[in-house]
Amino acid sequence: MNFEDARSGGPRPFLDVRDLRVHFGTEDGLVKSVDGISFQLERGQTLGIVGESGSGKSVTSLSLLGLHKRADKHGKGGARMTGEILLDGEDLISAEPARVQELRGNKMAMIFQDPLSAMHPYFTVGAQLVEAYRVHNKVSKSVARKRAIDMLDRVGIPQPSSRVDDYPHQFSGGMRQRAMIAMSLMCDPELLIADEPTTALDVTVQAQILDLMRDLQREFNSALIIITHDLGVVAELADDIMVMYGGKAVEYGPAKTVFSSPEHPYAWGLLTSMPRLDRPVQDRLVPIPGNPPSLINVPSGCAFHPRCSFTELCGRYSAVGPDVCREVVPELEQSTGAERHLVRCHLPVEVRQQTYNEQIRTHL
Amino acid sequence: MLTFIVRRLFAVVGLLLVVTLATFFIFYVLPQWGGETIQEMARQYVGRNTSAQALQGVIDRLGLDKPFFVQYFDYVKGIVVGTQYSNGTNLVQCNAPCLGYSFRNYTQVWPTILQYFPVTISIAIGGAVMWLGFGVVSGVISAVRKGSFIDRFFMGISLTGVSLPVYFVGPLLALVLAYNNNILQVPSYTSISQSPGSWAGGLLIPWFALAFSYAALYTRLTRGGMLDALNEDFTRTARAKGLSESRVVFKHALRAAIIPIVTIFGMDLGGVLGGAVLVEKSLSLNGIGALAINSIGNQDFPTVMGITLFGAFFIIMANLVVDVLYATLDPRVRL
């Protein structure tokens, strides 16, 4: 297979997700958990996917590994997936399940949110690491065990040769997440997906785990996707950031640009609702009003419009009329400024930038 | 672990003492509270038409006129070190564990129990293997194929199994499969050392009957446990490692779902070993359960007391075994 990226004309990216849609047919209706997202990622690069619960970020990550039960031919009992997930040019959506299983844990691996529930309580840490290695490598148990000890050592677990025989409950939270990371790295994956890797951890441990992930990524030169609702997590690690809302990307671009000049009102909301040490204590956090949208009855037009405080402003500038946000679904379009800075908003670019500079930045 | 087992074994002894005290109280003290004289009690032991002199002999031999705690002490002493008593003409040695002498059968209770026990243990173990095997396999299949035809089929069987009593299923199977159609042997007991073939052949119907009613619980328990386990994060992790679906189901999910099943299995097996009353009685097999029913009908109190103690022993031991197994299976449990 030889894929050339049609849009940029350059060499094909390591991971190229094109118009990924993951829909679930339920009794209440079609749940459009992921509704047409595209992104690219190179080895050694980090993508942060940010959004609230229910924005589709976890579904996206599970789709990459093919961990959704696929719907039958009537579109029932699982996920209906369309689009392309090109990993090294190989489409994972149309691939045989056996092929995806071969890649899973091997070429692509995942770090889960809560290591206590994500590790099997009745097998030793070592046994679980050994298993992860031996699924994909025909080696003896002792060789695999040696590798398990090496990996535990590498992720900073003290006395790895004795801790390897401990059960997950005998590890502390941070140690468990380190062990989980070691498990995901057993087969030298080229794509590593971390689904809220620090959410279940102590604040003091979070930074250590993030440092560890950054070091390991440099060492293994893997592509890393970090899924989080915490902008602070991706601020330091990510090269690119994709903000998701209601199953769609609303803002996607280089991390520096998204942080220094975000243009989507939802991204502004995420920033203003984040506590910061460098602002006066008297300043109150500004929450985003309302709840995440239902993924069955996604609001018409821009999915964010019921919670957006700029719909009126939007209508004033639009050729469609005052109800543009309610009626027309905005496209993810190139903004001015940085290359590859895409925003899904009806507000004209200049107005967005002006509004951010005048009204939002001052509150950060 | 070892200290736990030793400590628990002491507790087992204590519990068994409590059981003996309770049975002894029920059979020797309560009748007297109810107004029964010791002469009437003695008559119950030997039958109706007995001379006053013979009755007095029985009272002397059993020590019915001694204070309660002396009688109880003698009873327990007999169980622990054995005792001697007169059967009217000779002095008989009753070795430990001496559970008393049955005047109805003119035998000692303990050898009688031992004589009936092979039938019960054969029924229990064969039935248990069947119900555990069928229950777990059908439960796993039901969980993996949740909502499918096969799931509904197994759930239907399981509902039928709980609903139909074993004394209906057993004779029905015997009638249809053995008496009318000669497909299986008529339920009977042959010693396994004599002929393993006829041992198994004669017990197939009781095993089916027992398994049919017990498996229902295991199917449901396994199905529920597996559905929970398959939804657990660690199952997703197992899949994310690239394990095959069969390894995910049988190694990771079943390993987590099996623990409550082991617990219930130990308790059930312990209970059945103390006498599979309904199966034995309804299929005319002479096991402990049938012996218990017959002894109750005959007012053969020493035998009833002996069987009660015997059954209690198995239930208590099953509890201990289950606790130890639990700690072995779940590393988070410390003993």
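Nothing in this text is a laboratory measurement; each read-out follows from the coordinates by a stated rule. None of these values were measured; they are calculated from a predicted model. For neighbour counting, all protein chains shown are included, and Cβ atoms are generated from backbone atoms with ideal geometry for every residue, glycine included.
Can you run phi through the Karplus equation (6.51, -1.76, 1.60; θ = phi - 60°) for the stretch B:292-302 and list ³J(HN,Hα) in whole Hz, with x for Gly and Pro?
For the stretch B:292-302, the Karplus-derived couplings read 4, 4, 4, 5, 5, x, 8, 6, 8, 4, x Hz, x marking Gly and Pro.
In which sequence would A:Arg104, B:Arg104 go, from the one with the fewest C-beta neighbours within 10 Å to the one with the most?
Numbers: A:Arg104 26, B:Arg104 17.
Going from sparsest to densest Cβ surroundings: B:Arg104, A:Arg104.
Under the √(5λ) rule applied to the eigenvalues of the Cα gyration tensor, what semi-axes describe the equivalent ellipsoid of the stretch A:132-189? Give them in Å, descending.
19, 12, 10
Can you work out the FRET efficiency for the pair A:Ala71 and A:Glu102, with r the C-beta to C-beta distance and R0 = 30 Å, to the nearest 0.05?
0.85
Hey, which lysines would be in cross-link range of A:Lys76, C-alpha to C-alpha under 18 Å, not counting anything within fewer than 8 residues on its own chain?
Qualifying lysines at Cα under 18 Å: A:Lys32, B:Lys146.
Taking the Cα centre of the stretch B:2-108 as origin and charging only Cβ (+1 Lys, Arg; -1 Asp, Glu), how large is the dipole, in debye to the nearest 20? Show your work: numbers first, answer last.
Numbers: 8 positive and 5 negative charges, 61 e Å.
The calculation lands at about 300 debye.
With a point put 7 Å past each Cα toward its Cβ, work out how far B:Val162 is from A:Glu339 in nm, to one decimal.
About 6.7 nm, to one decimal.
Show me, for the stretch B:24-32, the HN-Hα J-couplings you get by feeding each phi into the Karplus relation (A = 6.51, B = -1.76, C = 1.60, θ = phi - 60°), rounded to Hz, glycine and proline as x.
4, 4, 5, 8, 10, 9, 4, x, 6
Nearest 0.05, what FRET efficiency do B:Leu329 and B:Phe10 give at R0 = 25 Å with Cβ-Cβ as r?
It comes to 0.55.
For a quick check: with amide H placed at 1.01 Å from N, whose amide H comes under 5 Å from A:Leu67's, ignoring anything fewer than 5 positions away on the same chain?
none
Could you tally the net charge around A:Thr82, taking each other residue with its Cβ under 13 Å from the Cβ of A:Thr82, Lys/Arg +1 and Asp/Glu -1?
So the environment of A:Thr82 carries a net charge of +1.
Taking 0.36 nm per intervening residue step and subtracting the Cα-Cα distance, what contour gain separates B:Phe153 from B:Asn182 on full extension?
Numbers: separation 29, 0.36 × 29 = 10.44 nm, distance 2.75 nm.
Net length gain for the segment: 7.7 nm.
Taking a quarter of the surface of the Cα convex hull of the stretch B:211-305, what do you get in nm²?
Average projection, Cα convex hull of the stretch B:211-305: 7.6 nm².
Suppose a student asked you for the relative contact order of the stretch B:110-329, using Cα pairs under 8 Å spaced at least 6 residues apart; what percent would you report?
Numbers: 301 pairs, mean separation 60.0, N = 220.
Over the stretch B:110-329, the number comes to 27 percent.
Pairwise over distinct Cα atoms, reciprocal of the mean inverse distance: report the Kirkwood radius of the stretch A:239-316 in Å, one decimal place. Please list the in-between numbers first.
Details: mean 1/r = 0.0716 Å⁻¹.
The Cα-based Kirkwood calculation yields 14.0 Å.
Using a Debye calculation, one point per C-alpha and no hydration shell, please list log10 I(q)/I(0) for chain B at q = 0.10, 0.15 Å⁻¹ in order.
The Cα Debye sum returns log10 ratios of -0.75, -1.23.
Lysines near B:Lys77 by alpha-carbon distance under 19 Å, same-chain residues fewer than 8 away left out - which ones?
The reachable lysines, counting only those whose Cα sits under 19 Å from B:Lys77, are B:Lys66.
Counting Lys and Arg as +1 and Asp and Glu as -1, what is the net charge of the other residues whose Cβ lies under 15 Å from the Cβ of A:Thr336? Let's see the in-between values first.
Details: positive: A:Arg340, A:Arg352; negative: A:Glu251, A:Glu263, A:Glu333, A:Glu339, A:Glu350.
So the surrounding residues net to -3.
Run lengths n ≥ 4 of DSSP H only: what is the helix-derived mean residue ellipticity at 222 nm for chain B, with -39500 (n - 2.57) per run over all residues, to the nearest 500?
Value at 222 nm, helices only, nearest 500: -22500 deg cm²/dmol.
Taking a ≥ b ≥ c as the square roots of the Cα gyration tensor eigenvalues, with a/c under 1.5 meaning rounded and otherwise prolate when a/b beats b/c, else oblate, which class fits the stretch B:49-108?
It comes out oblate by the Cα gyration axes.
How big is the convex hull of the Cα atoms of the stretch B:2-108, per residue, in Å³?
Spread over its residues, the Cα hull of the stretch B:2-108 gives 109 Å³ apiece.
When only Cα pairs under 8 Å and 6 or more residues apart are kept, what is the percent relative contact order across chain A?
Here the relative contact order equals 18 percent.
Which value results when the Cα radius of gyration for chain A is divided by 2.2 N^0.38 Å?
Normalised Rg, Cα atoms only: 1.04.
Taking the Cα centre of the stretch B:110-329 as origin, work out the dipole magnitude from +1 charges on Lys and Arg Cβ and -1 charges on Asp and Glu Cβ, in debye rounded to 20.
760 debye
Give me the dipole magnitude in Debye, nearest 20, for the protein assembly as shown about the Cα centre, with unit charges on the beta carbon: positive for Lys and Arg, negative for Asp and Glu.
For the protein assembly as shown, the charge dipole is close to 1740 debye.
For a Förster distance of 35 Å, can you work out the FRET efficiency between the beta-carbons of A:Leu277 and A:Arg218, rounded to the nearest 0.05? Could you put the intermediate results ahead of the total?
On the way: r = 27 Å, r/R0 = 0.78.
Step by step, r from the Cβ atoms, then E = 0.80.
Projected onto the charge dipole of chain B (+1 at Lys/Arg Cβ, -1 at Asp/Glu Cβ, origin at the Cα centre), which of B:Ser163, B:Thr112, B:Phe10 gives the Cα projection farthest towards the positive end?
B:Ser163
Measure off 7 Å from each Cα along the Cα-to-Cβ vector at A:Asn291 and B:Ile296, then give the distance between these two points in nanometres to one decimal.
Those two pseudo-labels are separated by 5.7 nm.
Using Stokes-Einstein with the Kirkwood hydrodynamic radius over Cα pairs, what translational diffusion coefficient do you get for the stretch B:70-149 at 4 °C and a viscosity of 1.567 mPa s, in µm²/s rounded to a whole number?
D = 80 µm²/s.
For the stretch A:264-363, compute Rg over Rh where Rg is the Cα radius of gyration and Rh is the Kirkwood radius from the inverse mean 1/r over Cα pairs.
0.98
What ranking do A:Met108, B:Met155 get, fewest neighbouring Cβ atoms within 10 angstrom at the top?
Fewest-to-most ranking of A:Met108, B:Met155: B:Met155, A:Met108.
Taking a quarter of the surface of the Cα convex hull of the protein assembly as shown, what do you get in nm²?
44.6 nm²
Under 20 Å from the Cα of A:Lys146, which lysines turn up, not counting those fewer than eight places away in the same chain?
Here the lysines satisfying the reach criterion relative to A:Lys146 are A:Lys138, B:Lys241.
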